[in-house]
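The values are calculated or read from the model by the stated rules, or taken from the named source; none is laboratory data. None of these values were measured; they are calculated from a predicted model. For neighbour counting, all protein chains shown are included, and Cβ atoms are generated from backbone atoms with ideal geometry for every residue, glycine included. Heavy atoms of the whole protein, side chains included, go into the accessibility calculation; ligands, DNA and RNA do not. Shrake-Rupley method; radii C 1.70, N 1.55, O 1.52, S 1.80 Å.
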Amino acid sequence: SAELLLLIAAVVAMLTRRLRLPYSAGLVAAGMGLALLQFSPRLSLTKELLFTVLLPPLIFEAAFQLPWKPLRRNLSLILVLASAGVLLSASVTAVGMYYLAHWDWLSSLVFGALIAATDPVSVVATFREAKAQGRLLLLVEAESLFNDGTAAVAFAAALAWALGHNPTPIEMTGTVLMMVGGGLLCGAAVAGAMLLLAGRAEDHLVEITFTTVAAYGSFLLAEHFHVSGVLATLTAGLMMGNLGPLGAISVRGREAVQAFWDYAAFVANSLVFLLIGMHVAREDFAAVWLPAVAAILLVVLGRAVAIYPCCFLFSWSALRVTWRHQHILFWGGLRGALALALALGLPPEVPARESIITISFAVVAFSVFVQGLTMTPLLRRFGEI
C-alpha cells in the first residue's frame, strides 16, 4: 500500500506542477479521492506513524537547510513568536471554544494547545513551492519549526490537567524547562557524536547514514526520556547542517546528504498529506460543523493575535518586520501533521476526544485548501515572488 501511495504522490507532483497548484493541496485532494475507492490502501494515520516515522525526517530536513548566521541574527524575534505567540494563539482558541462551542475548560485547553503550532511540513512545502526567499522564508520556516516545540510542551501541560493532575506553577515551570532543555541536550548529544564519526568517514553513503541516525536517534532518545522530540531533531538538524562544513562532512558528501534529505522529505511529505486526505474523507463533519466553523475562525484570529502584537514589540529595532511580511506570516500559519499527531494520540479518557480529532482535521483541511491555495497569489500580490 505504501508503494501505491508513492506512485500516486509522484503523479500528483507532476500534475500540480503543470497546473501550478500547491502540491500539498493536490495530495490531500488525491487522498480524499482514494478513500472513496473500494481498493483504497489500508494504511491509516496514527500518532505512532506520524511521530516515529514521518515527522523526524521532515523536521530534520527543514532544520538542516536553515542557515545559522541569519537565524542567530533574528533569533530573539523568532523565539518571541514561537513562545509568546503560540501561548497567545492557544489562549484565544481555548477561551473561544469554551464560550462559543460550550466545551468544558479542559477540552478547550487541550484543543487550543494542540492546534496552536503552525506546521513546518505544510509551511515549508508551501513557501518553497511559491519560491519565497530571503528573510521572509527564514522567519516563516524557523518560526514554524521552533513553535512546534512550544506547542508540544503546552499540550503536555494541558493534557496533564485534563487527566486530573494539578501541578503547581513551580512544578509546571520545572516540567517545561526539563522538556525544552532535555530535548536540546538529546539533539546536541546525538548530533555531536554523529559529527565526530562523520569527520572520520570519506564515503558519502556513510555520511548519509550518520545524518539519518541523527534525525531518528535524537527524536527517539528524547521521546524515551519524555522530553521534546521535536526540539531534539531540530537541534540535531541545525548542528549537522551548520557544523558539517567545518570538516566533518565532505563537500561531495554534503551534496549527497542534501539530495538524500530532499528525497526523504518528499516521501514523508507525500505520505503525510495523502493520509490526511484519506482521513478527512472518512470524518463526519456534519455532526460538528458549527464548532468546526468556530474553531477555524478562532484559529485564524489566534494567529493574528500571535503575529501582530509580537512583531509590534520589534517595530523600533533592527529586527522590524514590515507590514507585508506580517500579513504573510499571519496568513501563512498553516496547520498540519503535528496537530493531528497530538490529537490522534489523545488518551481515551480525555473529554470530547472524538470531537477534538474531527475538528482538528477540519482546521487542517481549511489550512491546506483555503490558506495553501491562496498563498502564492498573496506572495505575488505583495511582490515577494
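With all projection directions averaged, the alpha carbon convex hull of the stretch 162-321 covers 14.4 nm². Positive end of the charge dipole of the chain (Lys, Arg +1 and Asp, Glu -1 on Cβ, about the Cα centre): tell me which of W105, S218, F60 has its Cα farthest that way. The one lying farthest along the dipole's positive direction is F60. Sorting the segments 313-323, 268-278, 130-140, 366-376 by their mean number of nearby beta carbons within 10 angstrom, highest to lowest, gives 268-278, 366-376, 130-140, 313-323. Ligands, DNA and RNA left out, the 1.4 Å accessible surface of the chain is 69% carbon and sulfur atoms. Computed as a quarter of the hull surface, the mean projected area of the alpha carbon convex hull for the stretch 1-109 stands at 11.0 nm². Over the stretch 50-149, the pair-distance histogram of Cα-Cα distances with 10 Å bins from zero comes to 15, 39, 30, 13, 2 percent, rounded to whole numbers. Across the options L77, A9, A130, the greatest Cα extent toward the positive end of the charge dipole of the stretch 1-152 (unit charges at beta carbon of Lys, Arg, Asp, Glu) belongs to A130.
In sequence order, the stretch 222-229 has phi-based couplings of 5, 5, 4, 8, 6, 10, 6, x Hz under the Karplus curve 6.51 cos²θ - 1.76 cosθ + 1.60, θ = phi - 60°, and Gly or Pro positions carry x. Tell me, rounded to the nearest percent, the portion of alpha carbon pairs in the stretch 272-337 spaced more than 19 Å apart. Of the Cα pairs, 52 percent sit more than 19 Å apart.
Distance between the 7 Å Cα→Cβ label points at L197 and E354: 4.6 nm.
Counting only Cβ charges, +1 for Lys and Arg and -1 for Asp and Glu, the dipole size of the stretch 9-105 around its Cα centre is about 500 debye. Would you compute the Debye intensity of the stretch 100-257 from its alpha-carbon atoms alone, equal scatterers and no solvent, and pass along log10 I(q)/I(0) at q = 0.15 Å⁻¹ to two decimals? The Cα Debye sum returns log10 ratios of -0.89. About its Cα centre, the chain has a charge dipole of approximately 1180 debye under the convention of +1 per Lys or Arg Cβ and -1 per Asp or Glu Cβ, with nothing else charged. For the chain, modelled as a GNM whose springs connect Cα atoms under 10 angstrom apart, the maximal fluctuation among A25, A62, A281 occurs at A281. Set against the 2.2 N^0.38 Å expectation for a compact globular protein, the stretch 313-385 has a Cα radius of gyration ratio of 1.50. Within the stretch 1-52, the proportion of Cα pairs with more than 17 Å between them is 41 percent. If each Cα of the chain is one equal point scatterer, what is log10 of I(q)/I(0) from the Debye formula at q = 0.08, 0.11, 0.14, 0.15 Å⁻¹? With no solvent term, the Cα-only Debye profile gives -0.38, -0.75, -1.27, -1.46. For the stretch 73-90, backbone phi angles converted through the Karplus equation (6.51, -1.76, 1.60; θ = phi - 60°) give residue-by-residue couplings of 4, 9, 4, 5, 5, 4, 5, 5, 4, 7, 10, 4, x, 5, 5, 5, 4, 4 Hz, Gly and Pro being listed as x. Each pair of Cα atoms in the stretch 116-181 enters the Kirkwood radius, and Stokes-Einstein at 20 °C and 1.002 mPa s then converts it into a translational diffusion coefficient of 158 µm²/s. Annotation: per residue accessible area for the chain equals 43 Å², rounded to a whole number [probe 1.4 Å, protein chains only].
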